[in-house]
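Below: one structure, written as structure tokens.
Where a number appears in this text, it was derived from the coordinates with a stated rule and is not lab data. Everything numeric here is computed off the predicted structure, so don't read it as measured data. Don't worry about glycine lacking a Cβ; one is built from the backbone with ideal geometry, like all the others, and counts go over all protein chains shown.
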Amino acid sequence: MTLKQVYKVNNNQLTISLPENFRGRKQVMVIVEDIEEAQLDKIILMKKAATDSLFLSDIQELSADFKNIDAENV
């Protein structure tokens, strides 16, 4: 299983609470990657969009508009 999440650094320390799926694991790999604030802001907005009803209805509408086109052989 892979867990990818953005965490805040506090006093140059990072605390990660692992989900239940990791219970009993003896080893995990941790990769620390520096990300810029602008990229972090975009990630936060994308996570919010995934549950935004207006955004999701727009995506469904666009999918319906292109449904017939996707079925055509070009």
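Treat every Asp and Glu Cβ in the chain as -1 and every Lys and Arg Cβ as +1, leave all other atoms uncharged, and give the resulting dipole magnitude about the Cα centre to the nearest 20 debye. It would help to have the intermediate numbers written out before the result.
Values: 9 positive and 12 negative charges, 143 e Å.
Dipole magnitude for the chain comes out near 680 debye.
Which is the longest run of the chain containing none of the GluC sites (Glu not before Pro) found in DSSP loop states (not H, G, I, E, B) with at most 12 other C-beta atoms within 10 Å?
On the way: sites that count: Glu33, Glu36, Glu72.
My reading of the result: 37-71 is the longest stretch.
Out of (i) 206; (ii) 345; (iii) 242, which label holds the value of volume of the Cα convex hull per residue in Å³ that was computed here?
(i)
Using Cα atoms only, what is the angle between the long axis of helix 37-49 and the major principal axis of the chain, expressed in degrees (0 to 90) to the nearest 10?
Approximately 60 degrees, to the nearest ten.
Report the number of Lys pairs in the chain whose alpha-carbons are under 17 Å apart, with separation of 8 or more residues or on distinct chains. Could the numbers behind the result be given before it?
On the way: Lys4/Lys42; Lys4/Lys47; Lys4/Lys48; Lys8/Lys42; Lys8/Lys47.
Lysine pairs, 8 or more places apart or on different chains, close enough: 5.
Which length gain, in nm to one decimal place, applies between Gln5 and Asp52 when the Cα-Cα distance is subtracted from 0.36 nm times their residue separation? Let's see the in-between values first.
Working: separation 47, 0.36 × 47 = 16.92 nm, distance 1.96 nm.
Between Gln5 and Asp52, full extension yields 15.0 nm more.
Give the angle, between 0 and 90 degrees and rounded to the nearest 10, that separates the Cα long axis of helix 53-71 from the longest principal axis of the Cα atoms of the chain.
50 degrees
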